[in-house]
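The values are calculated or read from the model by the stated rules, or taken from the named source; none is laboratory data. Everything numeric in this text was worked out from a predicted model, so none of it was measured. FYI the Cβ positions are ideal-geometry reconstructions off the backbone, even for glycines, and counts take in every protein chain you see.
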Amino acid sequence: MLNENIKAIRRAKGISQEELAIKLNVVRQTLSKWERGLSVPDSDMLVALSEALDTPVSTLLGETVTEPTADDLRALSEKLEVLNLQFARKAAARRRALQVLLALLCVGALAVLAAMAVWGSPYLNWDYANPEEAVAGTMLHGFEWLAVRLAPIVLLASLVGLVFACRRV
């Protein structure tokens with residue numbers, strides 16, 4: 001039973017005898033003897049074998065492990081195909097959301113720049129002796145100063161991002 005389980009699990013994981021032997025620091029012939037039932041690993045080697053195969057020792061010592069059949073592989077393939085389709089849909093939705101966000105940023109930056117061009121700076125003619133007008137004028141000037149410097153950067157960055165987001169990979 002142990003010999004069949006070692007062989008079946010090794011094959012199911014797609015590991016060659018040589019690769020497993022290297023992981024266990026034994027020669028390939030030793031592993032071959034274990035798989036043919038001519039000898040058995042000691043307890044320390046059995047633990048190392050379970051770790052190398054990422055399988056509990058009880059599974060190695062337990063019932064016979066069956067290799068996957070073609071039907072099992074086909075069912076697994078279909079499940080993976082469904083998962084890949086779901087991941088592709090989620091990725092497409094994220095890409096679309098990113099495109100919309102970047103387009104909104106472009107429109108927002110253009111709207112801010114257009115509003116500032118149309119509106120001008122009326123606060124420059126206010127009476128700053130009045131404390132409320134002085135505070136409001138200072139705040140508007142700060143906003144205008146920041147917007148004039150940031151809006152072109154935001155516009156350019158969102159346009160570049162939109163170009164890259166719309167590209168097909």
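From the residues in region 1-21 that are among the hydrophobic types (A, V, I, L, M, F, W, C) and exposed (fewer than 15 other Cβ atoms within 10 Å of the Cβ), which one is farthest from residue 73 (Cα to Cα)?
By that ranking, first place goes to 1.
Mind listing whichever residues of region 106-123 are touching a residue at least 12 places away in the same chain (Cβ under 8 Å) and over 30 Å from residue 163 (Cβ atoms)?
If the condition is that a residue be touching a residue at least 12 places away in the same chain (Cβ under 8 Å) and over 30 Å from residue 163 (Cβ atoms), then 121, 123 are the ones that fit.
Scan 81, 35 and give me the residue that is part of a helix (DSSP H, G or I) and surrounded by 11 or more Cβ atoms within 10 Å (Cβ to Cβ).
Answer to the selection: 35.
Here is a yes/no grid of residues against (1) free of Cβ contacts under 8 Å to residues at least 60 places away in the same chain; (2) loosely packed, with under 11 Cβ neighbours inside 10 Å; (3) closer than 27 Å to residue 98 by Cα; (4) under 29 Å from the mean Cα position of the chain (by Cα):
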site: 129; (1), (2), (3), (4): yes, yes, no, no
site: 137; (1), (2), (3), (4): yes, no, no, no
site: 141; (1), (2), (3), (4): yes, no, no, no
site: 144; (1), (2), (3), (4): yes, no, no, no
site: 152; (1), (2), (3), (4): yes, no, yes, no
site: 155; (1), (2), (3), (4): yes, no, yes, yes
site: 163; (1), (2), (3), (4): yes, yes, yes, yes
site: 166; (1), (2), (3), (4): no, no, yes, yes
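Does residue 75 count as over 25 Å from residue 151 (Cβ atoms), assigned by TED's automatic domain parsing to the domain that holds residue 148, surrounded by 11 or more Cβ atoms within 10 Å (Cβ to Cβ) and of a type outside the set (Asp, Glu)?
yes
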